[in-house]
């Protein structure tokens with residue numbers, strides 16, 4: 001057997017063992033690989049070191065993956081069961097709402113992206129409420145990620161989901177300026193839709 005092919009097989013077998021250790025134990029996978037006689041004797045030191053680094057990285061990534069899967073699981077069930085229409089409504093960002101969302105933290109943007117995607121498919125956000133003070137059919141998405149993030153949108157029209165405003169909430173009450181701005185954008189939207197032929 002070619003020695004390079006033999007080494008590749010040993011590395012693949014070691015990675016398989018390492019993967020099993022990562023998924024099934026809380027101990028140090030890198031240490032178990034270091035103690036594995038087939039790895040330490042058959043694989044050059046630099047390759048074994050690289051393998052240990054990769055396994056350590058996999059262990060750290062495992063926690064992140066499990067967190068993401070927990071967040072997404074409620075959405076995955078809806079897709080699998082076929083409860084959503086085939087085509088999502090497009091998102092239309094009014095005013096500076098897109099720029100404001102882009103200024104949110106990475107965690108807030110990710111959560112908000114999931115919520116807006118559900119709205120595009122005709123589902124309700126996991127944490128939202130009606131904002132009739134702004135206009136008929138206006139709803140608020142609440143995202144808790146470090147600070148409180150809010151997005152006001154309208155999804156009652158067939159052609160699109162309109163995002164009216166996005167802001168970081170710093171007090172218990174919704175800021176008056178945010179309500180007035182969203183109300184003005186809602187009025188402009190209604191006027192624009194009535195002028196369309």
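The values are calculated or read from the model by the stated rules, or taken from the named source; none is laboratory data. Here the structure is a predicted model, which is why all the values come from computation and not from measurement. Note: ideal-geometry Cβ built from the backbone for every residue, glycine included; neighbour counts use all protein chains shown.
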Taking the stated definitions as given, is residue 186 touching a helix residue (DSSP H, G or I) at 6+ places or on another chain (Cβ under 8 Å) and crowded, with 20+ Cβ neighbours inside 10 Å? no
Output the number of residues of region 148-164 satisfying the condition of being farther than 22 Å from residue 121 by Cβ and touching a helix residue (DSSP H, G or I) at 6+ places or on another chain (Cβ under 8 Å). 0
Could you check residue 146 against (1) touching a strand residue (DSSP E or B) at 6+ places or on another chain (Cβ under 8 Å); (2) on the phi > 0 side of the Ramachandran plot and say which number it fails? (1)
Strands (runs of 3 or more DSSP E) enclosed by region 99-164 - at least 3 residues per element that are closer than 19 Å to residue 176 by Cβ and in the same structural domain as residue 191 (by TED's automatic domain parsing): 138-145, 147-154
Hey, could you check region 121-138 for residues that are within 19 Å of residue 186 (Cβ to Cβ) and surrounded by fewer than 20 Cβ atoms within 10 Å (Cβ to Cβ) and say which is nearest to the chain's Cα centre (by Cα)? 128
